[in-house]
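*Asks:* Take this structure, written in structure tokens, and hold onto it; I'll ask about it next.
None of the figures in this text is laboratory data; all of them are computed from the coordinates on show. Bear in mind that the values here come from a model prediction, so they are computed numbers and not experimental data. Cβ: placed from backbone, ideal geometry, glycine included. Neighbour counts: every protein chain shown.
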Amino acid sequence: MNNKKGDLSPDRCASCQDFANAPLDQAAQARLAALEAHAVYLPENDLAQLRRAYRFANRAHEGQMRQSGEPYITHPIAVTAQCAQWKLDVRALMAALLHDAMEDCGVTKDDIARAFDPTVADLVDGLTKLDKLQFTTREENQAESFRKMLLAMSHDVRVILIKLADRLHNMRTMSDMPRSKWGRISSETLDIYAPIAYRLGLHHVFRELQDLAFRHLMPWRYSVLAKAVKRAQQRRRDLIQKVMQEVQSSLNNAGLNARVSDREKTLYSIYSRMNSKRLSFAQVSDFYSVRIVMPSRAACYTALGYLHQLYKPVPGQFNDFIANPKTNGYQSLHTTLVGPANVSIEFQIRTEQMDQVAESGVAAHWLYSGGAKADAGEAGAHWLQSLLDIQNETRDAAEFWDNVKVDLAPDAVYVFTPHGKVISLPQGATVVDFAYAIHSGIGDRATGATINGDPAPLRAVLKNGDVIEVITNPQAAPNPAWLAFVRTGRARSRIRHHLKTLAQSDSQALGEKLLAQALRAEGVPSLPAPEHPAWANLLAFGASASREELLADIGQGKRIASVAARHMAGQLAAAGQRRDALLLSRERYTAHEQLSQGTVLLDGTEGPAVQYAPCCLPVPGDALLGYLERGKGLVVHANGCTIARRLQAHDSEQFIAVDWADEPARPFETGICVTVTNGKGVLARVTGELAAAGVDIARVEMEGLAAEGTVDLNFIIAVRDTAHLEAALRQLRRASAVLKAVRITAGED
């Protein structure tokens, strides 16, 4: 929100140590005094450090202005003041003052570490965007920035607290920015920052961010709704006051020490309810909620009983978040009652400690003493640990952020292990999500489950109160199909990690095979030992980090085996290993005198590193072409496939010789078209003939009815080889309803 970037000259950079002692003019001294008023809880030694950080920031941002025309330093001061409201420690406040210095002013992390200490420098670095790095898209830049911020947060939660304070002030001053930026920043706030605030239990920040984003994202709707709510609230204010007086009187008469207050619903929460439940404004009645703070848990439940005697409860509108806390540590009893004039009012009953955590979440660690820290910190710690788990299994920034966003959804279900432990999961979570929430090893080995004692599939969606027992098998492994229904980022990242590891292993095996065969074509009978110096030279030649990476790249078609083999053979020859002339003459040239890499034999057990082209669906007995498609591995085509021929015309170096092994290990899929006379039961007769021929049917599609009363049935079937396929086609042609049965060869000449 500044309109002039800071620019540190070399001389200024050299004097960064002096920034912390820079003199202040009268206006700067007044701003410092106002900031100190927010931080009076700090001891004098800490206040002295805060003053030094202020002088540093004031000097670094000298000359910068915000869009409003105010000095830029007013923004870091506002962010720091918000952090001081949470009673954060002095290092966090110093980092808040300096959070834009690295990004906008040319100050380095080392400058901050030297002027203050490494902890402050780490906090500021975690907050700094990655503007100086180059990314292919703005989305990738954003994903990498949030990845860095969230991982810094997982190690030190003060990073995200400062970031949320920064976003809150930017949203409060959004009106000073060009309207062209309102939509993007507001959408980002609703999608990312508000859910993070919710996840960390910062409910006040969560609500304000939502309302500010709503105001700037949809100004007209916000204005109309604000006027309608104001009119309705004026009519109902007296009603709420009456209800609060009756509740306070009832609890006092029962000898309960209660603090009763009201809270207005935010405009965004009202709009969201109208939008999600398709309600008109007239159908929304609960603009207020009543909060009752009690001295103990037992008193909360006692107060609930008196409330239900005073007003009639609405069926199905009671939630016990004390026994089953929300994912962010929030605890309270929620009940909706029908008050005077038949108006529904939500009541929230909680202890003082629960109220502190509800408003401040993880910030309660600094804001309050006592037990609030444990309640706020434990829930936040589980999510922060899950970030580290996802990071360990996800290297791609966009995929990491995609997984994290799944876990930001506020709605949750609460389920139980057989031992009674409560597990919180997002709405729509399945047994697989539950298994991974318990332990990644249980998720990896899950084969089934029981829910409330009844057998259930892994894709079963869980409901509040379900008791789940996961059935495991040591031989089981994650299934790619699980990705279609899992809801948690942890489960998704773990499954993807397993699949990538599996594919990497298969690619390495294929790459080793291809490189060994290419070496034979160079007169080298076998690969050298892993510790041989030729490997180090080859890695340097190909800019590969490791032998495993090089082999995987060859297996995935990113590198050509013959080029790597030629270089390695040269290194071996230089080291004194002579080429085998007989092997060279026998292996290197094919009948057409084209360079060969040896023949790769296929039996169907190669794994994901080898794919059988869907355009021609080759089966044993077909002549083959092998195409090393970059990034995918070996794609096997039938020799007559027109797609393969086109690829070969302009990318011939990526083709290698492939053939079938003597005994393939499994059936292979191919396509057939069966033209039949349309009639009752004809599909059953055709599938019966295929079954009689020993053919498995993978898929069937029926094309439109032709004018002459015939229809084409397209099957994907699994056969052992071409002989088995021909036998099945002959069997079909003998059937009375079948007019024609042929193999589909759309990809072939």
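*Asks:* Taking amide H positions as placed 1.01 Å from N in the peptide plane, with prolines and chain starts having none, which residues 5 or more places from Asp603, or on another chain, fall under 5 Å of its amide H?
*Replies:* So Asp603 has HN proximity to Ala661.
*Asks:* Here's a follow-up. What ranking do 62-74, 610-622 get when scored by the average of other Cβ atoms within 10 Å per residue, highest first?
*Replies:* Values: 62-74: 16.5, 610-622: 20.3.
Most protected by this proxy first, the peptides run 610-622, 62-74.
*Asks:* Extension gain Val461-Lys109, at 0.36 nm per residue separation less the Cα-Cα distance, in nm?
*Replies:* On the way: separation 352, 0.36 × 352 = 126.72 nm, distance 4.74 nm.
The Val461-Lys109 span can extend by a further 122.0 nm.
*Asks:* Moving to a separate point now. Classify the stretch 668-743: rounded, prolate or oblate, from the alpha-carbon gyration tensor (a ≥ b ≥ c, eigenvalue square roots; a/c under 1.5 rounded; otherwise prolate if a/b is larger than b/c)?
*Replies:* Details: a/c = 1.93, a/b = 1.66, b/c = 1.16.
The shape class here is prolate.
*Asks:* Shifting gears a bit: May I ask for the distance between the Cα centers of the stretch 165-207 and the stretch 628-701, given as a whole number of Å?
*Replies:* 53 Å
*Asks:* Let me ask something additional. Take each of the peptides 508-514, 189-195, 531-537, average the number of other beta-carbon atoms within 10 Å over its residues, and list them starting from the highest. Kindly include the intermediate steps, with their values, before the conclusion.
*Replies:* Numbers: 508-514: 23.0, 189-195: 20.9, 531-537: 14.9.
Packing order, densest peptide first, comes out as 508-514, 189-195, 531-537.
*Asks:* Find the centroid of the Cα atoms in the stretch 272-351 and in the stretch 247-266, then give the distance between the two in whole Å.
*Replies:* Centre-to-centre distance over Cα atoms comes out at 13 Å.
*Asks:* Another one. For a quick protection proxy, order the peptides 727-735, 418-426 by their average other-Cβ count within 10 Å, most packed first.
*Replies:* Final packing ranking: 727-735, 418-426.
*Asks:* Set the Förster distance to 25 Å, then compute FRET efficiency between Thr605 and Ile697 from the Cβ-Cβ distance, nearest 0.05. Walk me through the intermediate numbers first.
*Replies:* Numbers: r = 23 Å, r/R0 = 0.91.
Computed FRET efficiency for Thr605 and Ile697 comes out at 0.65.
*Asks:* Another question about this same structure. Distance from the Cα centre of the stretch 517-545 to that of the stretch 475-514, in angstrom?
*Replies:* Taking the Cα centre of each part, the stretch 517-545 and the stretch 475-514 sit 28 Å apart.
*Asks:* Hey, can you grab everything whose amide H is under 5 Å from the amide H of Asp622? Only 5+ residues off in sequence or another chain; H modelled, so Pro and N-termini drop out.
*Replies:* Thr722
*Asks:* What is the distance, in nm, between label points placed 7 Å from the Cα along the Cα-to-Cβ direction at Gln317 and at Ser269?
*Replies:* Spacing of the two 7 Å Cα→Cβ label points: 1.4 nm.
*Asks:* Starting from the Cα of Ala484, step 7 Å along the direction of its Cβ; do the same at Glu653; then give the gap between the two resulting points in nm.
*Replies:* About 4.0 nm, to one decimal.
*Asks:* Between Asp238 and Lys740, take the C-beta separation as r, use R0 = 56 Å, and let me know the FRET efficiency to the nearest 0.05. Mind showing how you got there, number by number?
*Replies:* On the way: r = 83 Å, r/R0 = 1.49.
Calculated value: 0.10.
*Asks:* Can you give me the long-range amide H partners of Arg291? Hydrogens built in the peptide plane at 1.01 Å from N, cutoff under 5 Å, separation of 5 or more residues or another chain.
*Replies:* Ser261, Asp262, Arg263, Gln348
*Asks:* May I pose another question? Simple spin-label model, 7 Å along Cα-to-Cβ: Ala545 to Ala341 in nm?
*Replies:* 6.6 nm
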